[in-house]
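The values are calculated or read from the model by the stated rules, or taken from the named source; none is laboratory data. Remember, predicted model here, so these are calculated numbers, not experimental data. For neighbour counting, all protein chains shown are included, and Cβ atoms are generated from backbone atoms with ideal geometry for every residue, glycine included. For the accessible areas, the whole protein counts, side chains as well, though only heavy atoms, and no ligand, DNA or RNA atoms are used. Shrake-Rupley method; radii C 1.70, N 1.55, O 1.52, S 1.80 Å.
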Amino acid sequence: MLTVAVLISGAGSNLRALLDAVADPGFPASVVAVGADREADGFAHAEDFGIPTFLVPWESYSSREEWGAALGEQLDVWKPDLVVLSGLMRLLPASLVEAWAPRIINTHPAYLPEFPGAHGVRDALAAGVTQTGASVIVVDTGVDTGPILAQERVPVLPDDDEHSLHDRIKPVERRLLIDVVHRIATGDLDLAAESTP
Ligand code: GRF
């Protein structure tokens, strides 16, 4: 059974979808803890499933490095096989990424390498593209630059705003995330091999 820790910042709708999926006794992974950098609404989903949560408040640390060290200590408590960034709106310090690589994955609401960064949906709209997408990647020390594990196109409709487009992308993100976690758990997807240049 693959053990997974999930890190969030917001509503945690992707977390919820993963929790629903792993609740199936046939699913070969379990979520052991949910962490956040702030009092995230998504903690409620973890509580619904009786999953422990931990908070490492960004504001309580004087540098990214110190915050990351505290986050790393929490992850060391749970020792998950995999860390899923599911809407965590903070960059991890390189020291934490390097300590866990290649066992941290991230979901992103764009078809990487198009539109990396915190505003992937907004940037796609601003660029006037007719299609964007969703991606799941291995986290490396860059901003959304790691190896792509799965991705799928999503159309941009003429009257889309950021909200409507993000709402159309999120179900795709969820499906890709659940599939990637499943494939990692079964050994069908080897993160080390995916991360070898
Ligand atoms: C997702 O689109 C994620 O990729 C992005 O923020 C969204 C998270 O939403 N960075 P939620 O917290 O899972 O509802």
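Given labels modelled 7 Å from the Cα in the Cβ direction, how far is it in nm from residue 70 to residue 186?
4.0
Set the Förster distance to 25 Å, then compute FRET efficiency between residue 30 and residue 152 from the Cβ-Cβ distance, nearest 0.05.
0.45
Per residue, how many Å² of accessible area does the chain show with a 1.4 Å probe?
46
In Å, what Rg and Dmax follow from the Cα atoms of the stretch 45-100?
Both quantities, over Cα of the stretch 45-100: 11.8, 33 Å.
For a quick check: with amide H placed at 1.01 Å from N, whose amide H comes under 5 Å from residue 53's, ignoring anything fewer than 5 positions away on the same chain?
34
State the Cα centre-to-centre distance between the stretch 41-84 and the stretch 133-197 in whole Å.
So the separation of the two Cα centres works out to 22 Å.
Equivalent-ellipsoid semi-axes (√(5λ), Cα gyration tensor) for the stretch 18-137, whole Å, largest first?
That gives 25, 20, 14 Å for the three semi-axes.
Per-residue counts of other Cβ atoms within 10 Å, averaged by peptide: what ranking do you get for 18-25, 187-194, highest first?
Put in order of decreasing packing, that is 18-25, 187-194.
For the chain, what % of the accessible area comes from carbon and sulfur atoms, probe 1.4 Å?
After summing per-atom areas, the C and S share lands at 53 percent.
Under the definition of Cα pairs under 8 Å and six or more residues apart, what whole-number percent is the relative contact order of the chain?
Computed value for the chain: 20 percent relative contact order.
When only alpha-carbon atoms are used, what values of Rg and Dmax, in angstrom, describe the stretch 1-53?
10.3, 32
May I ask you to derive the relative contact order of the stretch 108-171, considering only C-alpha pairs under 8 Å and at least 6 residues apart, and to give it as an integer percent?
With pairs under 8 Å counted, the relative contact order is 35 percent.
Give me P(r) over the stretch 64-197, computed from all C-alpha to C-alpha distances, binned every 5 Å, as integer percentages.
For the stretch 64-197, the pair-distance distribution reads 2, 11, 20, 21, 18, 14, 9, 4, 1, 0.
So for the chain, taking the charge dipole from beta-carbon charges (+1 Lys/Arg, -1 Asp/Glu), which of 58, 120, 171 sits furthest toward the positive end?
Farthest along the dipole direction, towards plus: 171.
Suppose the chain between residue 167 and residue 196 were pulled fully straight at 0.36 nm per residue; how much longer would it get relative to their current alpha carbon spacing?
7.1 nm
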